[in-house]
Each structure stands twice: as structure tokens, then as C-alpha cells.
Amino acid sequence: MFIEPRIDNFKAADEPTGWIEVICGSMFSGKTEELIRRMNRAIIARQKVEIFKPTIDTRYHRTEVVSHNENSIRSTPVQFANDILLLAADSDVVGIDEAQFFDKEIIVVARTLANHGKRVIIAGLDMDFTGDPFGPMPSLMSIAEFITKVHAICVNCGGVASYSHRLVDSSNKVVLGESETYEALCRSCFYGSNQNAK
């Protein structure tokens, strides 16, 4: 069970101490739901929050982060990771959804925000549709103080699912979609379904 860090456990003297939290997993595992939950708790605690998502992600809403359970929170779409530094300057807590779609500059952005005393909460797919590490996520996980891996339910066998199996015929790295495009599978079912099993 993940225990949210308390800022008073990290403060040294009067200087604020930031950190990075990464929430990762497959499609339909509840990553965005958990990000929204943590951001809402920060709002209840009267902290200044900002949440960002890549402009490419318009599946549910153009300006809101929306979970598969249809919970939502206001967000700011950004095209480049560096834009977050300017827009989050006055925030205590910074949320970033779908981090796998950003370029590697997101790593510098996350580190810079944390080094300036901000709590940075990042959600994203840890693996792409081939089962390989996705974009900047491995590096973000390596510099994070806290990592939470969430799991979906395998649609074939009901087991613990960690893989996002693509249902449409495309070799493009990024194909936006929901249940009509992807399904969550366990390791056994994923490699059984994937003709390119490694």
C-alpha cells in the first residue's frame, strides 16, 4: 500500500523540500484516477496546484484530465515540457498526466521543479504496445523518490494485467484510443497474443 509522503517529514530547517512521485502501469490500471485523487487531496489541504497534460491527448476533453471512470480535474495542455516550468512557478504541487508522450526534456523539468521545493506527481504508461519501456518513463522512475505501479485486470484470464495490447493494426508508437483500440493483458496472455513475442 502506498503511503503519501508528508512534507514535514522532508523539510530541513525553513527550506521547502520537493520530490517526485511516479504513478505507472498499463492502460486501464487507474493511473489517472490516482493522479486526480492525490491532486484533490492537495487542493483540500489548500495547496496551490497545477496539472498539465500533453496537447496530443484529446481523447476525453481538450483541457481536463479525465480518468476512465470519468472523474476529471482542470488541467493545462502543453505542447512542450519546458512550458510547464513557466506555468507552474507559483505552485506547491505539480501534476503531469500521460508523461510518456513528452520528450526527454520532461526529465529536466521534473527534476527542476522538485529542486525548487515542489511536489511533482507524474502519471504515465511504463510500457508501450510492444511491451518495451515507453519514452521518458524509465528515467522519470529512476529519479523519483516514490514509485507506484498500478495494475489492470487481464481481459482474457482475470489475472494481474501490466501490458497494453493494441487491437488495431498499426506500428506507430503513438496511437490514441480507448477500449476499442487497447486491452489490458497479463504477461502470459500478452505474449500469447503478440506474434512478435520476445
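The values are calculated or read from the model by the stated rules, or taken from the named source; none is laboratory data. Everything numeric in this text was worked out from a predicted model, so none of it was measured. Heads up, the Cβs are rebuilt from the backbone with ideal geometry, glycines too, and the neighbour counts pull from every protein chain shown.
Scoring residue 129 on the criteria (1) in a loop (DSSP other than H, G, I, E, B); (2) without any contact (Cβ under 8 Å) to a residue 60 or more places away in the chain; (3) out of contact with any strand residue (DSSP E or B) (no Cβ under 6 Å at 6 or more places or on another chain) leaves a single failure, condition (3). In segment 98-141, how many residues are farther than 18 Å from residue 172 by Cα, surrounded by fewer than 20 Cβ atoms within 10 Å (Cβ to Cβ) and charged (D, E, K, R)? Residues flagged as farther than 18 Å from residue 172 by Cα, surrounded by fewer than 20 Cβ atoms within 10 Å (Cβ to Cβ) and charged (D, E, K, R) within segment 98-141 amount to 3. Selection of segment 149-158 for residues being surrounded by 15 or more Cβ atoms within 10 Å (Cβ to Cβ), more than 11 Å from residue 26 (Cα to Cα) and out of contact with any helix residue (DSSP H, G or I) (no Cβ under 7 Å at 6 or more places or on another chain) yields only 155. Looking at the structure I just gave you, is residue 189 over 16 Å from residue 125 (Cα atoms), buried (at least 16 other Cβ atoms within 10 Å of the Cβ) and modelled with pLDDT of 95 or more? Here the answer is yes, as residue 189 does meet what is asked. The residue that is surrounded by the fewest Cβ atoms within 10 Å (Cβ to Cβ), among those in segment 6-28 that are in contact with a strand residue (DSSP E or B) (Cβ under 8 Å, 6 or more places away or on another chain) and modelled with pLDDT under 95, is 10.
Only one of the numbered conditions (1) of a type outside the set (Asp, Glu); (2) loosely packed, with under 15 Cβ neighbours inside 10 Å; (3) farther than 30 Å from residue 17 by Cα is violated by residue 80, and that is (3). Does residue 135 qualify as being in a strand (DSSP E or B), closer than 24 Å to residue 39 by Cβ, under 14 Å from the mean Cα position of the chain (by Cα) and not hydrophobic (A, V, I, L, M, F, W, C)? Considered against the rule, which asks whether it is in a strand (DSSP E or B), closer than 24 Å to residue 39 by Cβ, under 14 Å from the mean Cα position of the chain (by Cα) and not hydrophobic (A, V, I, L, M, F, W, C), residue 135 comes out as no. Quick check on segment 106-115. Is at least one of its residues in a loop (DSSP other than H, G, I, E, B) and either in contact (Cβ under 8 Å) with a residue 12 or more places away in the chain or not basic (Lys, Arg) (or both)? Within segment 106-115, none of the residues are in a loop (DSSP other than H, G, I, E, B) and either in contact (Cβ under 8 Å) with a residue 12 or more places away in the chain or not basic (Lys, Arg) (or both). What are the residues in segment 138-166 that are part of a strand (DSSP E or B), of a type in the set (Gly, Ala, Ser) and more than 15 Å from residue 193 (Cα to Cα), if any? Of everything in segment 138-166, just one residue is part of a strand (DSSP E or B), of a type in the set (Gly, Ala, Ser) and more than 15 Å from residue 193 (Cα to Cα), namely 152.
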